[in-house]
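Only one structure is covered here, and it is reproduced in the block below.
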Amino acid sequence: MANPMSFIPAATVKQATVVYNAYADSINQQFNKQQSHYVNLKQRLRNTIGKDTYLQSILDDTVDDFKDRHPEFKSWNDLDFPKALSTTLDKIVIDTTLQRLLMFYWVMGILDKFQEIKVMPIQVYEDPDCEGKYVCWDGQHTAIMLFVIATYVLKADITKCEIPIVVNSSKQKSQMRQVFMDINGDAKVPLSLIAFFHQMVFGVRTDGSKNPSWLVAEKKQQDLEKAKMFATGEEFNDTDKPGALTRLQELMDTKNYKPEITTYFTKYFVAVCRSSRAVQPKECWMLYEYFKLCSIDPRIEITDKYIRDVAKALKVVAHGDFDGSDFWSQAKASYQNYYRDNISWEESLRGIQYPEKRIGNTFLIAQIAKAGIDVPFYDKTLYPVPAEDLF
């Protein structure tokens, strides 16, 4: 079948590609900061909400609920925090290269469950490049929550609102990122895979880290950028954007997948759809598995042409693109037919199991081989796929 975009004027296709590329570039540019970048608490909150009226309405509602739950707070001095060193809210800045992106809904959640005794001191350090300020390296969500109480609830002057802090030496900055990644617990948001990935990339590009696993992550980030792709998670509300890679299991797995597998996958994604959509979860593990098998089969030479041929072979699934969900549904149905005809005594599905990777790999290899492409040896082939079951 002809490409469904073939009737669209070339100029329109080019314009659409520019739009696809723009979002991934805007996300990836955050990693291009070679030096720390500081913003105050107001800027951090404003940058997160932006012009999103929905987020603004949630903030307004949360503030109103807070006022109803805590009528005892009439001024900032009514709040009784644990004692440590102290500073005022206006002195706190966020190093955006050292902290994960602000999780707006987490801030709203801790506001909803606010108790003074739960407020932990903000971890800060002093930087000569940011004279007169304390740079927050852990605790930005607490700091933003306190900023909201001060400015939105109490309408207080933040230059007079004291908060507890713990001051670390700026000489320890190289260790702070690792400590931040190690910190976990019920009172904090556990770092997700995407947050770990971001920190590793920042660690190399901003801190100059030579940590081997971080260097691998940064190389994978380069592959994503070249393909106009970006790694993301549910907390960032952009998992449906063109180029979004939301399944991080394979991207972060250095035990089962060599770094070049990510290179192959990103090149495949460009070839199959020009990065014009989000990566589908099943598509991700299927192609990572396939290129892994290729990489260990000495008969297969994984060139750019080979990758393009694989993508072309899979475009039959969605009339010019690949649909992982449709592909899996057909693979599953094919195996069910085989099970009824060759395994079940009753021609039923009683007792059937669905080993996802074995079914997926078996069907994917057969689909690619149908196009006349050399495919890797797979020693766990589940069943012989009938030609009529393939796309």
Problem set entry | Order by protection proxy (mean Cβ within 10 Å, highest first), peptides 339-345, 112-118 | 339-345, 112-118
Exercise. Taking the Cα atoms of the chain alone, what are Rg (to one decimal) and Dmax (as a whole number) in Å?
Worked result: 25.8, 79
Problem set entry | Long-range HN-HN contacts of residue 231 with modeled amide H, under 5 Å | 245
Problem set entry | Peptides 216-226, 58-68 ordered by average Cβ neighbours within 10 Å, highest first | 216-226, 58-68
Seminar exercise, completed: Over all pairs of different Cα atoms in the range 56-180, the reciprocal of the mean inverse distance gives a Kirkwood radius in Å of 15.1 Å
Exercise. For the range 284-351, with only Lys/Arg (+1) and Asp/Glu (-1) charged at the beta-carbon, what is the dipole magnitude about the Cα centre, in debye rounded to 20?
Worked result: 100 debye
Exercise. What dipole magnitude, in Debye to the nearest 20, does the chain give about its Cα centre under +1 on Lys/Arg Cβ and -1 on Asp/Glu Cβ?
Worked result: 860 debye
Seminar exercise, completed: Descending packing, highest mean Cβ count within 10 Å first, for 45-55, 373-383, 262-272 is 262-272, 373-383, 45-55
Exercise. Angle, helix 304-314 long axis vs. longest principal axis of the chain, Cα atoms, 0 to 90°, nearest 10?
Worked result: 80 degrees
Seminar exercise, completed: Among 67/133; 226/305; 255/370; 241/380; 133/155; 220/312, the pairs whose Cα-Cα distance exceeds 28 Å are 67/133; 255/370; 241/380
Seminar exercise, completed: Non-local residues with an amide H under 5 Å from the amide H of residue 165, with H modelled 1.01 Å from N and Pro and chain starts lacking one, are 84, 85, 86, 87, 122
Exercise. If r is the Cβ-Cβ distance from residue 57 to residue 370 and R0 is 51 Å, what FRET efficiency results, to the nearest 0.05?
Worked result: 0.45
For this session: Return the sequence-ordered ³J(HN,Hα) values of the range 353-360 in whole Hz as given by the Karplus equation 6.51 cos²θ - 1.76 cosθ + 1.60 applied to θ = phi - 60°, using x for Gly and Pro.
Result: 10, 10, x, 4, 5, 5, 5, x
Problem set entry | Label-reachable residues, the range 239-270, where backbone N falls under 14 Å from a point 7 Å from residue 301's Cα toward its Cβ | none
Problem set entry | residue 210-residue 178 pseudo-label distance in nm [points 7 Å out on the Cα-to-Cβ vector] | 1.3 nm
Problem set entry | Helix axis angle, 193-205 relative to the chain longest principal axis, alpha carbon, degrees | 70 degrees
Exercise. Counting pairs of Cα atoms in the range 252-327, how many percent are more than 22 Å apart?
Worked result: 18 percent
For this session: Note the angle between two axes, namely the Cα long axis of helix 281-295 and the longest principal axis of the Cα atoms of the chain, as a number of degrees from 0 to 90, rounded to the nearest 10.
Result: 60 degrees
Exercise. Amide H to amide H under 5 Å from residue 321: which residues, 5+ apart in sequence or cross-chain, H placed 1.01 Å off N in plane?
Worked result: none
Problem set entry | the range 35-168 - charge dipole about Cα centre, Lys and Arg +1 at Cβ, Asp and Glu -1, debye rounded to 20 | 100 debye
For this session: Divide by every residue of the chain the summed helix terms, -39500 (n - 2.57) for each DSSP H run of at least 4, and state the resulting mean residue ellipticity at 222 nm, rounded to the nearest 500 deg cm²/dmol.
Result: -14500 deg cm²/dmol
Seminar exercise, completed: Per the range 214-364, sqrt(5λ) over the Cα gyration tensor eigenvalues, sorted largest first, in Å, gives 29, 17, 16
Problem set entry | For the range 218-265, average projected area of the Cα convex hull in nm² | 3.3 nm²
Problem set entry | Of all DSSP beta bridges in the chain, antiparallel share, percent nearest 5 | 55 percent
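Coordinate-derived values only; no laboratory data. Source: prediction; values computed, not measured. FYI the Cβ positions are ideal-geometry reconstructions off the backbone, even for glycines, and counts take in every protein chain you see.
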